[in-house]
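The values are calculated or read from the model by the stated rules, or taken from the named source; none is laboratory data. Since this is a predicted model, take the numbers as computed values, not measurements. Please note: Cβ atoms are built from the backbone with ideal geometry, for glycine as well, and neighbour counts cover all protein chains shown. These area figures cover heavy atoms from the full protein model, side chains too; ligands, DNA and RNA do not enter into them. Shrake-Rupley method; radii C 1.70, N 1.55, O 1.52, S 1.80 Å.
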Amino acid sequence: MTLELTILAWSLVLAVIQIMLPAMCRNRETGVAYNASARDEPGPPVGVVTGRLRRAQANLFETLPLFIAAVLIAHVAGREGTLTALGASLFLAARVIYVPLYALGVPYLRSAVWLASMAGLALVLLAILLPL
């Protein structure tokens, strides 16, 4: 398996982790009995960290389909190389760093890390779109 596909697989692992983190935090806020119920009544207000983790998850889910498509197009088209390896690595590393920054409420640096993930995606797209 290529480096880019391996990074894509790890990006999916990150997505699963980002599904579980806010769920676990919310479980602490509401308790097991509420989460096992039909949840017909609203639970207690969502906590600050849970809300941040949910937003971080939504943010990943906005860009992940684009990243998946870009990596798969690069693979199928035989356009993998230095740009795609660097771009995919940058995307995943930035997305991993982004989660705790968002959970801790770190401004500015979090935005810079998000921009780095977008730069990683852009590198993969450049490798696809630039002539050989």
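Here the chain is assigned +1 on the Cβ of each Lys and Arg and -1 on the Cβ of each Asp and Glu. Its dipole about the Cα centre then comes out at about 240 debye.
Histogrammed with a bin width of 5 Å, the alpha carbon distances of the stretch 69-132 distribute as 4, 21, 26, 17, 12, 10, 6, 3, 0 percent, first bin at zero. Model label points for Asp40 and Met118, set 7 angstrom from Cα along the Cα-to-Cβ axis, are 4.5 nm apart.
With the Cα gyration tensor of the stretch 40-81 giving a ≥ b ≥ c as the square roots of its eigenvalues, does the rule (a/c under 1.5 for rounded; else a/b larger than b/c for prolate; else oblate) give rounded, prolate or oblate? Prolate.
Stokes-Einstein, applied to the Kirkwood radius of the stretch 1-68 over Cα pairs at a viscosity of 1.567 mPa s and 4 °C, places its translational diffusion at 95 µm² s⁻¹. Taking every protein chain into account, the accessible area of the chain amounts to 57 square angstrom per residue (probe 1.4 Å).
Relative to the longest principal axis of the Cα atoms of the chain, helix 3-30 runs at roughly 10 degrees. Ranking Ser37, Ser117 from most to least accessible surface, computed with a 1.4 Å probe over the protein chains only, gives Ser37, Ser117.
Considering only protein heavy atoms and a 1.4 Å probe, what is the carbon-and-sulfur percentage of the accessible area of the chain? Ligands and nucleic acids excluded, carbon and sulfur give 73 percent. Grab the beta carbon distance between Ile19 and Glu62, set R0 = 22 Å, and tell me the FRET efficiency rounded to 0.05. My answer for the efficiency is 0.90.
Under 20 Å from a label point set 7 Å out along the Cα-to-Cβ vector of Ala93, the amide N atoms of the stretch 56-73 belong to 60, 64, 67-68, 71.
The alpha-carbon atoms of the chain define a convex hull whose volume equals 110 cubic angstrom per residue. Roughly how tilted is helix 109-129, in degrees to the nearest 10 and between 0 and 90, from the longest Cα axis of the chain? Helix 109-129 and the main axis of the chain meet at about 40 degrees.
Most tightly packed first, judged by the mean number of other beta-carbon atoms within 10 Å of their residues, the peptides 79-90, 43-54 read 79-90, 43-54.
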